[in-house]
Amino acid sequence: MNKNYSISELNAIAKEILSTAKNNALLFYGEMGAGKTTLIKELCKELGIDDVVSSPTFSLVNEYHTNKDEIVYHFDFYRIEDENEAYDIGIEDYFYSNAWCLIEWPQNIENLLPLESTEIHISVLENGQRNIQLK
């Protein structure tokens, strides 16, 4: 998938991502302010999460529960300086739990990422729309 979208189309984009994802690990790439967390909020809504969804910038991971009592993990590795910090939180247990893992700034833990993942690249266009590419 490679398409441009506006904020009003987020719901459809989220549905498409969830239906075409290779597995439960979604990797979000994009500059600061590109809309990674905004898209993750919409994905969480589609997965049935009623809680407030926010970026776990300082805690590294937030855990959410869907209305089907499934777990979704939301990671933000922006502030991580060494991959060992991810080991310290038990990253392997999260990644191989079969729960959804929504990972912002995955490039900061590149050597630890699950082999089968869906990459989501978001960029801001001049007109304020976003371009999204799934790989």
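The values are calculated or read from the model by the stated rules, or taken from the named source; none is laboratory data. Bear in mind the structure is a predicted one, so any value in this text is a computation, not a measurement. Using ideal geometry, Cβ is built from the backbone for each residue, glycine included, and neighbour counts are taken over all protein chains shown. These area figures cover heavy atoms from the full protein model, side chains too; ligands, DNA and RNA do not enter into them. Shrake-Rupley method; radii C 1.70, N 1.55, O 1.52, S 1.80 Å.
How about region 5-38: which of its residues are touching a Leu at 6+ places or on another chain (Cβ under 6 Å) and open to solvent by 50 Å² or more (accessible area, probe 1.4 Å)? Please lay out each step first, then the result.
If we filter region 5-38 for residues that are touching a Leu at 6+ places or on another chain (Cβ under 6 Å), which is where we start, we get 14, 26.
Across region 5-38, there are no qualifying residues.
Here are I80, I71, I122: which of them is out of contact with any Cys (no Cβ under 8 Å at 6 or more places or on another chain), within 27 Å of K3 (Cα to Cα) and not charged (D, E, K, R)?
On the way: I80 fails: within 27 Å of K3 (Cα to Cα); I71 fails: within 27 Å of K3 (Cα to Cα).
Residue meeting the stated conditions: I122.
Take I40 and tell me if it is at pLDDT 95 or above and in a loop (DSSP other than H, G, I, E, B).
Working: at pLDDT 95 or above: yes; in a loop (DSSP other than H, G, I, E, B): no.
Spelling it out, it is not the case that I40 is at pLDDT 95 or above and in a loop (DSSP other than H, G, I, E, B).
Condition (residue is among the small types (G, A, S) and assigned to a loop (DSSP other than H, G, I, E, B)) applied to region 12-20: is it met by at least one residue? Before the answer, list the steps.
Going residue by residue through region 12-20, those that are among the small types (G, A, S) are 12, 14, 19.
Restricting the remaining residues to those that are assigned to a loop (DSSP other than H, G, I, E, B) gives none.
No, every residue in region 12-20 fails to be among the small types (G, A, S) and assigned to a loop (DSSP other than H, G, I, E, B).
Which of the residues belonging to region 1-17 are under 15 Å from I120 (Cβ atoms) and touching an Asp or Glu at 6+ places or on another chain (Cβ under 8 Å)?
Those that are under 15 Å from I120 (Cβ atoms) and touching an Asp or Glu at 6+ places or on another chain (Cβ under 8 Å): M1, L10, I13, A14, K15.
Give just the number: which of (1) of a type outside the set (A, V, I, L, M); (2) touching a His at 6+ places or on another chain (Cβ under 6 Å); (3) in a loop (DSSP other than H, G, I, E, B) does G33 not satisfy?
(2)
I'd like to know if region 43-60 contains one or more residues that are open to solvent by 40 Å² or more (accessible area, probe 1.4 Å), in contact (Cβ under 8 Å) with a residue 12 or more places away in the chain and closer than 15 Å to L10 by Cα.
Checked against the condition, which is being open to solvent by 40 Å² or more (accessible area, probe 1.4 Å), in contact (Cβ under 8 Å) with a residue 12 or more places away in the chain and closer than 15 Å to L10 by Cα, region 43-60 yields at least one hit.
How many residues does region 75-130 contain that are assigned to a loop (DSSP other than H, G, I, E, B), aromatic (F, W, Y) and open to solvent by 50 Å² or more (accessible area, probe 1.4 Å)?
Of the residues in region 75-130, 2 are assigned to a loop (DSSP other than H, G, I, E, B), aromatic (F, W, Y) and open to solvent by 50 Å² or more (accessible area, probe 1.4 Å).
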